1. Out of the residues in the stretch 238-274 meeting the condition of being surrounded by fewer than 12 Cβ atoms within 10 Å (Cβ to Cβ) and either of a type in the set (Lys, Arg) or at pLDDT below 90 (or both), tell me which one is farthest from the chain's Cα centre (by Cα).
2. Do we find a residue being part of a helix (DSSP H, G or I), within 20 Å of residue 134 (Cα to Cα), modelled with pLDDT under 85 and open to solvent by less than 100 Å² (accessible area, probe 1.4 Å) anywhere in the stretch 51-74?
3. Among the residues of the stretch 191-238, which ones are under 30 Å from residue 156 (Cβ atoms) and of a type in the set (A, V, I, L, M)?
4. Could you check residue 81 against (1) of a type outside the set (Phe, Trp, Tyr); (2) loosely packed, with under 12 Cβ neighbours inside 10 Å; (3) at pLDDT 75 or above and say which number it fails?
5. Hey, any hits in the stretch 168-183 for a residue that's open to solvent by 80 Å² or more (accessible area, probe 1.4 Å), of a type outside the set (A, V, I, L, M) and without any contact (Cβ under 8 Å) to a residue 12 or more places away in the chain?
6. List, please: which pairs have Cβ atoms under 6 Å, are six or more places apart or on different chains, and start with a residue in the stretch 53-69 that is at negative phi and end with one that is surrounded by 13 or more Cβ atoms within 10 Å (Cβ to Cβ)?
7. Touching a strand residue (DSSP E or B) at 6+ places or on another chain (Cβ under 6 Å), within 30 Å of residue 147 (Cα to Cα) and hydrophobic (A, V, I, L, M, F, W, C): is that true of residue 268 in this structure?
8. Taking the stretch 138-174 as the region of interest, how many residues are in a loop (DSSP other than H, G, I, E, B) and under 14 Å from residue 185 (Cα atoms)?
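The values are calculated or read from the model by the stated rules, or taken from the named source; none is laboratory data. Everything quoted here is computed from the prediction, not taken from an experiment. Heads up, the Cβs are rebuilt from the backbone with ideal geometry, glycines too, and the neighbour counts pull from every protein chain shown. Accessible surface areas use protein heavy atoms only, side chains included; no ligands, DNA or RNA. Shrake-Rupley method; radii C 1.70, N 1.55, O 1.52, S 1.80 Å.
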Amino acid sequence: MNLFSILLLTSPVVEQVEAVVEEQPQILKRLVEFSINFGERLLLAAIVFAVGRFLISIINKIVRKFLERRNLEVEVKSFLKSLINITLIALLIVSIVGVLGLSTSSFAALIASAGVAIGMALSGNLQNFAGGIIILVFKPFNIDDFIECQGVSGTVEEIQIFHTIIRSSDNKVVYIPNGALSSGVITNLNRKPTRRLEWVIAVAYDTDYVMAKEILQDILEAEERIMKSPNSEIVLHALDSSSVNIRVRAWVKRTDYWPVYFAVNQAIYKIFNEKGVEFPFPQLTVHQTEK
């Protein structure tokens, strides 16, 4: 192959290399322009985010003051504040997407195209939202009520758009989804002004039942917080394997439930010991036969 043939073969390659070299300044220029434009958009998005968060905090304060002046229930106020806050955050996200140069219509189309997956992912939250509406409409409990639900017991602190916040007796904060809460069993311990106390007192088989009943009646009458109506009850509940069980029932105000329960427990233990009433313990009698 002669030199002329070699030059003919390499000339297209040389031309491509020369074209790339000539385009390098244009590529660098475009890269710089893109970086500048993206930096400006990023800076503007950061400003929009900061201003948006500031405005959201102001709007939330205005809404909070507005709702406080209205004669609305605490549960409704809590739910509306949560709903407005989430709506404002969603609007802020859409604004930031637009500032970054992403087409909001394309963004909406992307969400629509993934509608099935998003619907499945959000089905639980939609159920929780509907559950919150059901709780507000039918009112199985109010703020500050003590309830038992979903294996949790505590005081209701707040009803949000998706969750209900409960503070347990040992000061734990529990978030329960509204969907499960609205469709499950709820025991409201604050709905009625009175509650019934109940004790099961075990005494030995050789105890005089009439005497034990009189002692228990005196203890109940000495406790002023026990209501006279409905009447208290003292009955022989069961003949157990090692004891005679006496069931005691009395009615008190809801707020006196635990104080009276512990006070009567203490009085029973003290007076039974003073009167010689025996508290039994499990016993096993073994009979041995001689061969």
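1. Ranking the qualifying residues of the stretch 238-274, first place goes to 241.
2. Applying the first criterion (part of a helix (DSSP H, G or I)) to the stretch 51-74 yields 51-69, 74.
Still in the list and also within 20 Å of residue 134 (Cα to Cα): 74.
Narrowing further to those that are modelled with pLDDT under 85: 74.
From the residues that got through so far, the ones that are open to solvent by less than 100 Å² (accessible area, probe 1.4 Å) too are 74.
Yes; the residues of the stretch 51-74 include at least one that is part of a helix (DSSP H, G or I), within 20 Å of residue 134 (Cα to Cα), modelled with pLDDT under 85 and open to solvent by less than 100 Å² (accessible area, probe 1.4 Å).
3. 197, 226, 227
4. Of the numbered conditions (1) of a type outside the set (Phe, Trp, Tyr); (2) loosely packed, with under 12 Cβ neighbours inside 10 Å; (3) at pLDDT 75 or above, the odd one out for residue 81 is (2).
5. yes
6. The qualifying pairs are 56/88; 60/85; 63/84; 67/77.
7. When the stated conditions are applied, residue 268 does not pass them.
8. Of the stretch 138-174, the ones in a loop (DSSP other than H, G, I, E, B) are 139-145, 150-151, 160-162, 169-172.
After this cut, where a residue has to be under 14 Å from residue 185 (Cα atoms) as well, the list is 139-141, 150-151.
Qualifying residue count, the stretch 138-174: 5.
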